[in-house]
Amino acid sequence: VVASPNIVQSVKTTSQNMQGGGADSSPAWQDITDLAVSITSNYSNSKLLIRVDICFTSSSSQYAPIFRILVDGAVVGVGNSGVYGIPVPCSFFGSKKGGHAGMSYLYSGTLSAGQAASIKIQGAKSANRDVYVNEMGSISQVMVTEIYQ
């Protein structure tokens, strides 16, 4: 049996300024607008391949911006980044001055046929340091593919 592809994508073409706030140890997470999708599983026990690409610049030359993936409101793919000199849970992070940040993550949570899953991306800086997404006219995206098991 050949399963038909189930792929959803959202592309962000507008710029967004995520203003810093909070202490280095507790970054102020903000939704990246337009980087949210919903996918309805066609099969039980499927996995979701989540691919995120973010173009950004930063107001800091010392601290890298951090990003995270949320599935149905729960943060997934979390490690402990040391970008603030202490462990800060995030899914992935960028370089200190800007460029491109991305991650592929295979979500293997329990899915049933016909069940919808919501995926969104958040970013953060801390204190007075800002992050600018798509500042230079670039694009960012999130793409989710259901993997039949």
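The values are calculated or read from the model by the stated rules, or taken from the named source; none is laboratory data. In this text, all values refer to a predicted model and were calculated from it rather than measured experimentally. Just the protein is used for accessible areas: all its heavy atoms, side chains included, with ligands, DNA and RNA removed. Shrake-Rupley method; radii C 1.70, N 1.55, O 1.52, S 1.80 Å.
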- Additional length obtainable on full extension of the chain from GLU135 to VAL78, 0.36 nm per residue less Cα span: 17.9 nm
- Leaving out ligands, DNA and RNA but keeping every protein chain, what accessible area does LYS97 have, in Å² rounded to the nearest 10, with a 1.4 Å probe? 130
